[in-house]
Amino acid sequence: MKRIVYIMVTAGLILFAGSCSEDFLDTKNLYQKNLENFYQTPQDIIEAMGGVYNALYVNGVHSEEHVAANLLSDYMFGGGGPDDISAKNVANFVDPNEDTYRDLWIETYNGVYRSNAIIEAASQADYSPFFDTEQEAIEFRNSAVGEAYFMRGFMMYRAARFFGGMPLINSTDTPRDVPRSSFTETFSQIAADFKMAAELMPAISADQIPLRDYGHANRWVAKAYLARTYLFYTGYMTNMAGSPTDVVPLPDGGTLTRSEVVTHLENIMASSGYALVSDFRNLWPYSHVNQSAGQVVLPWAEDEGLSWVGQDGHNSEIGTGNTEVMFALRYAFGNWDWDNGQKYNNRVPLFFGIRGNSMVPFGQGWGWGTVHPAFFNSWDDEDIRKKGSILEVGDAAQATDGYSSPDNADHETGLFNKKYTTLQHDGADGVQGMFYYVYGWSHGDGMQLWAAQDFYYLRYADVLLMHSELTETADGINAVRQRAGLDPVSWSMENLKSERLYEFAFEGLRWFDLVRWGDVENSSNNFYSVVAEVSNAGGIIVNHSVTYRPETKGLLPIPESEIRLSNGVYEQNPGW
C-alpha cells in the first residue's frame, strides 16, 4: 500500500527539473538522472509515474479541488472564524487576492510536463530485456503510456473545470508561452487523452489488482472520465455558453458521441469488477472508529452494525474490502511531520472539521464549510445517507451531546459534513487521531497532520448515475436508491439531479453539476439565495445567504501572476 506513494514523492524530486527554467536545466543534475538517461528501465518508468501523481498534491489549500469545489457549492457556507476571510471569499464568489488558485495552475503543468516526458520516452522504448517475453514488454509499455495519457488528461480536466480554456502543452518541447486554448479545444484534447488511455491500458478486473498497485488509474477509470468529460463539456456548452451540442469534437476531426460514452459505461458495468458496497455508510471512516478504539465511542455506528470497507481497494488489509472506489487522491501512505507540511494530508477534515470542540470520536478543525440548513431539511429522514453524510451536534447517539458553540465561529448551523471530518479516540498514547492508531504513526501534531483519509475522486455509484443520465433510464438511479433503503422512482431529470445531490454530498461534485446543468444561474434549482439563520462570532444571530455572480460563467480567475508572466498572452476570465 505504502510503496507506490513513497516512490511518488521521491520521483517528484527527480523530475522537478522538468518543470523549472532552462537555466536550472543547464546545471548539473545531482541525482544523475535527466531526460537523456532516464526512462530506460521499467523501474525508471515506475518512478517517473510517481512524479506525475505527486503533482496531484498542492500547497495552497484553495487550490485543492475538494476544498474549493465544496466551498463553491450551494449547500455549504464559508464558516470558520472571523479571520477565515479566504474561505468566505471563495464561498461568496469574490477574490480580492490575485493568486488564490495559483498552485492548482502550477501543479497542473508540472503533471502535464512529467506525463509528456513518459509518453515521448516510453512510446519508443524497448523494454524486452527486462521481461521474459516480448508480449510482456509490450503490455508494460502500453500500460505505462496509457496511464501517462490518462494523467495528462486528468491534470487538465481537474484544472479546466475551474479555469475554462487552458494553454495546451502536449510535448516537452512545446513553447511555454502559448496562449490559452478555447474551452472546446481544451476539452477536445482532454477527451482524446482519456480515449487513448482507455485503448492502451489493459482490461484487468478490479478484484485482480494487487494491493501493491492500488491507487493507479486503469482502463475503467479512463472510460468513466470520458463520460464525465462528455457530460461536463456538452452541459457547459449547452447551458452556460449558449452553444448547444451533443458531441465532443476531437483533435483528429472525429467526435465523442453519447452512444460511444454509454458503451464505455456499460463496459465498466459488465467487466470492470467494481460494484456498490452493500452499505453506503461503510464507505466512510467513522464506520471503523469503534473497532479502532476497541470500545463503543460512536453509539450510532454500533447500533447500525457499521463496518468500514477500507480505502485500499478490493484487497484492503484494513476493512472488509472496498469494491466501489475507482480512483482517489491517496493520503494513507505517510507518517508526515511538519517537514512536509500539510500537503500530503487530507485538509478537508482539518479545515471542515468541527470548530472549537475536541470530542471523541469527532475531533476539532477550523469549522469551514458549515452545512446549509435548507439542504439538510430537504433530505428525507428515511434516507440512511442523511445521517451518514451530515453530523448534527447535540446528539448523544452521534457522541456530539457535549458540543458547545464557540464564541469565535461564523456561519454556525450546528451541521457539519460527516464524510470527511477528524476522527479520534483514546489509546496507548492518549487521545490521538484514528489514523494515528490505524497506521501506527509516531508524529505528534494530532490536529493538523493526522488526516490520512483518502479523498474519493470517483466511485462506481457515479458510473451508474451517469449511465442513467445519458440513457434517460432509472436503472442506475434505483440501484443507488435501493442501497440507501429507498423505493424506486421513474426516470426524470429532476430525480437524477436529486439522487446526485444526496449521493455525492461533500464529495466535490455538486459545484460542477450545478455549472454543467446551468442550475448555478437558476435560483429555483439551488440553495444559494435561500436565507438561513446562522450564529456568528460572539453568538450574534443573523440571516445569511449567498449571491452567485452569473458574470463569472461558473469559472474561477486565472492567477494574476500567471497573466503577468505571460506578458498579456493570457486573458482573464469574465467577471474577474
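The values are calculated or read from the model by the stated rules, or taken from the named source; none is laboratory data. Quick caveat: nothing in here was measured; it's all calculated off a predicted structure. Cβ: placed from backbone, ideal geometry, glycine included. Neighbour counts: every protein chain shown. In case anyone asks, the SASA skips ligands and DNA or RNA and just uses the protein heavy atoms, side chains included. Shrake-Rupley method; radii C 1.70, N 1.55, O 1.52, S 1.80 Å.
Observations, loosely collected:
- Single residue of PHE131, PHE187 found to be among the aromatic types (Phe, Trp, Tyr) and surrounded by 20 or more Cβ atoms within 10 Å (Cβ to Cβ): PHE187
- Only listed residue being modelled with pLDDT of 95 or more, of a type outside the set (Lys, Arg) and under 28 Å from ASN267 (Cβ atoms), chosen from ALA203, ALA241: ALA203
- Single residue of ASP83, ASP103 found to be in contact with a helix residue (DSSP H, G or I) (Cβ under 6 Å, 6 or more places away or on another chain), among the acidic types (Asp, Glu) and open to solvent by 30 Å² or more (accessible area, probe 1.4 Å): ASP103
- Looking across GLY242, GLY235, one residue alone is of a type outside the set (Asp, Glu), over 30 Å from ASN567 (Cα atoms) and in contact with a helix residue (DSSP H, G or I) (Cβ under 6 Å, 6 or more places away or on another chain). It is GLY235.
- Matching residues in the range 162-197 - criterion: being under 23 Å from ILE138 (Cα atoms) and within 20 Å of the chain's Cα centre (by Cα): ASP193, PHE194, ALA197
- Residue check: ASN97 meets all listed conditions (1) open to solvent by 50 Å² or more (accessible area, probe 1.4 Å); (2) modelled with pLDDT of 95 or more; (3) of a type outside the set (Gly, Ala, Ser); (4) closer than 30 Å to GLY60 by Cβ but one, namely (2).
- Within the range 479-499, the set of residues being closer than 19 Å to PHE375 by Cβ and hydroxyl-bearing (Ser, Thr, Tyr) comprises SER498 only.
- Matching helices (runs of 4 or more DSSP H) fully within the range 59-127 where at least 1 residues are touching a Ser or Thr at 6+ places or on another chain (Cβ under 8 Å): 85-91, 102-122
- Residue count for the range 397-434 under the criterion of being assigned to a loop (DSSP other than H, G, I, E, B), among the hydrophobic types (A, V, I, L, M, F, W, C) and either under 15 Å from ILE354 (Cα atoms) or in contact with a helix residue (DSSP H, G or I) (Cβ under 6 Å, 6 or more places away or on another chain) (or both): the result is 2.
- Of the residues making up the range 445-485, those that are without any contact (Cβ under 8 Å) to a residue 60 or more places away in the chain, out of contact with any Phe, Trp or Tyr (no Cβ under 8 Å at 6 or more places or on another chain) and not hydrophobic (A, V, I, L, M, F, W, C) are ASP475, GLY476, ASN478, ARG481, GLN482.
Let's see how each residue does on (1) closer than 30 Å to SER307 by Cα; (2) open to solvent by less than 10 Å² (accessible area, probe 1.4 Å):
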| position | (1), (2) |
| --- | --- |
| ALA206 | yes, yes |
| TYR214 | yes, no |
| ALA227 | no, yes |
| GLU266 | yes, no |
| SER271 | yes, no |
| ALA275 | yes, no |
| PHE280 | yes, yes |
| TYR286 | yes, yes |
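One line per residue, one yes/no per condition, for (1) touching a residue at least 60 places away in the same chain (Cβ under 8 Å); (2) open to solvent by 30 Å² or more (accessible area, probe 1.4 Å); (3) among the aromatic types (Phe, Trp, Tyr); (4) out of contact with any Pro (no Cβ under 9 Å at 6 or more places or on another chain):
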residue	(1), (2), (3), (4)
PHE333	yes, no, yes, yes
ASN345	yes, no, no, yes
VAL348	yes, no, no, yes
PHE376	no, yes, yes, yes
GLU392	no, yes, no, yes
ALA396	yes, yes, no, no
ASN408	yes, yes, no, no
GLY414	no, no, no, no
GLY427	yes, yes, no, yes
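- Segments classed as helices (runs of 4 or more DSSP H), wholly inside the range 486-576, with at least 2 members that are over 24 Å from the mean Cα position of the chain (by Cα) and touching a residue at least 60 places away in the same chain (Cβ under 8 Å): 560-565
- Pick from the range 440-478, criterion farther than 20 Å from VAL261 by Cα and assigned to a helix (DSSP H, G or I), ranking: modelled with the highest pLDDT: ASN478
- For the range 407-415, the criterion of being touching a strand residue (DSSP E or B) at 6+ places or on another chain (Cβ under 8 Å) and either at pLDDT below 95 or on the phi > 0 side of the Ramachandran plot (or both) is met by at least one residue.
- Looking across the range 351-373 at every residue that is in contact with a Pro (Cβ under 7 Å, 6 or more places away or on another chain) and assigned to a strand (DSSP E or B), the one that is surrounded by the fewest Cβ atoms within 10 Å (Cβ to Cβ) is identified as ARG355.
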